[in-house]
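For reference, the structure discussed in these notes is given below.
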Amino acid sequence: SLCLVPVTLLLSNCSQAVVDVMIDLRHKPTSSEALEIHGSFTWLGQTQYKLQLKGQEVYSLQLKACFVHTGVYNLGTPRVFAKLVDQVTSFETSQGN
């Protein structure tokens, strides 16, 4: 049977500037060791999100994870990229798991 777990990804813009944010849920651990320790799961629904955060804005993104087997899982797999609105280059942001 499947186990569906609601997950909240909390994004916080700590600057005063407007920031473009892209979230990619398609990233998976590549090492076999990571899969053995944490197991494999699937994010349900949309796999990419693009949004804009105003200065000091906090945004709550509701996600769903789907598990087939019992175990311990690493839900810190989403990649979050951010850039100032007027910049060309985006940077992967630090993430708290």
(request) Take the Cβ-Cβ distance between D20 and K64 as r, set R0 to 35 Å, and report the resulting FRET efficiency rounded to the nearest 0.05. (result) 0.90
(request) Rounded to whole Hz and in sequence order, give me ³J(HN,Hα) for the stretch 58-67 from the Karplus expression 6.51 cos²θ - 1.76 cosθ + 1.60, θ = phi - 60°, writing x for Gly and Pro. (result) 10, 10, 10, 9, 8, 10, 9, 9, 10, 10
(request) Give the long-range amide H neighbours of S15: residues separated by 5 or more places, or on another chain, with amide H under 5 Å away, using H modelled in the peptide plane at 1.01 Å from N. (result) Q56
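Give me the extension gain from S12 to Q48: residue separation times 0.36 nm, minus the current Cα-Cα distance, reported in nm with one decimal. Mind showing how you got there, number by number?
Values: separation 36, 0.36 × 36 = 12.96 nm, distance 1.79 nm.
Extending this stretch completely gives an extra 11.2 nm.
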(request) Name the long-range amide H neighbours of T42: under 5 Å, sequence gap of 5 or more, or other chain; modelled H, no Pro or chain starts. (result) C66
(message) I need the phi-derived Karplus couplings for the stretch 43-49: 6.51 cos²θ - 1.76 cosθ + 1.60, θ = phi - 60°, integer Hz, Gly and Pro marked x.
(response) 7, 8, x, 4, 9, 9, 10
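Read-outs throughout are calculated quantities, based only on the coordinates presented, and are distinct from any laboratory measurement. Just so it is clear, the structure is predicted and the values come from calculations on it, not from any experiment. Here the Cβ is made from the backbone with ideal geometry for all residues, glycine too, and neighbour counts use every protein chain on show.
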